[in-house]
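Heads up, the thing below is written out as structure tokens.
The values are calculated or read from the model by the stated rules, or taken from the named source; none is laboratory data. Nothing here was measured: the structure is a model prediction, and the numbers come from that model. Accessible surface is based on the protein model in full, side chains and every heavy atom, while ligands, DNA and RNA are left aside. Shrake-Rupley method; radii C 1.70, N 1.55, O 1.52, S 1.80 Å.
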Amino acid sequence: PSSNLVDIDLFCDGVPVTKVQADGVLVSTPTGSTAYSLAAGGSVVHPAVSAMLLTPICPHSLSFRPLLFPDAVTLQLQIPHLSRERGTCVVAFDGKHKFEMGPGDCVTIQMSPHPLPSVVHKTDTEDWFQSLKGGLHWNRPNEEMRKPSRSHSKSADKQVFKNPSSHL
């Protein structure tokens, strides 16, 4: 497989959407949106939203942004038949089960009609926001991020600042 840009034709329910020119493309569920997709510039999507998120990896065009599709659609990612100059590419599922694709090959993606139930502590929404806050340090003020941890010595808690304006 080549490490060059790949050409991928994107279809939604058989309708041509765009030609993707990028290092790759990610398709995720809302649960997967906070992992690789977020790192690649994708949106954070609430788990109660029944959708598929498509995120380009380093797209060649600055105008190609992540797309959110309803869960009832069928997405197809196809290597164009005339894509011989770009060679082959690899499709991976959760980073595992890698398969090489060549010109004319297509991957079809649909949501399962059987959603995987999840265990929650309080409610879906409360647990999700707690996870965002804890895992991503989401919307924490800078002061809170700079506080010494409780594992530091007690002398760290007794710092005296003579010029408070120098610490703004």
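Data overview
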read-out	value
Carbon/sulfur fraction of accessible area - segment 1-93, other protein chains in place, 1.4 Å, %	58
Length released on extending from Thr74 to His60, taking residue separation times 0.36 nm less the Cα-Cα span	2.6 nm
Segment 32-124, relative contact order [Cα under 8 Å, separation at least 6], %	22
Mean accessible surface per residue for segment 62-132, computed with a 1.4 Å probe while every protein chain stays in place, in Å²	76
Zero-based 5 Å bins, Cα pair distances in segment 1-126, whole percents	2, 10, 20, 22, 21, 12, 6, 4, 2, 1, 0
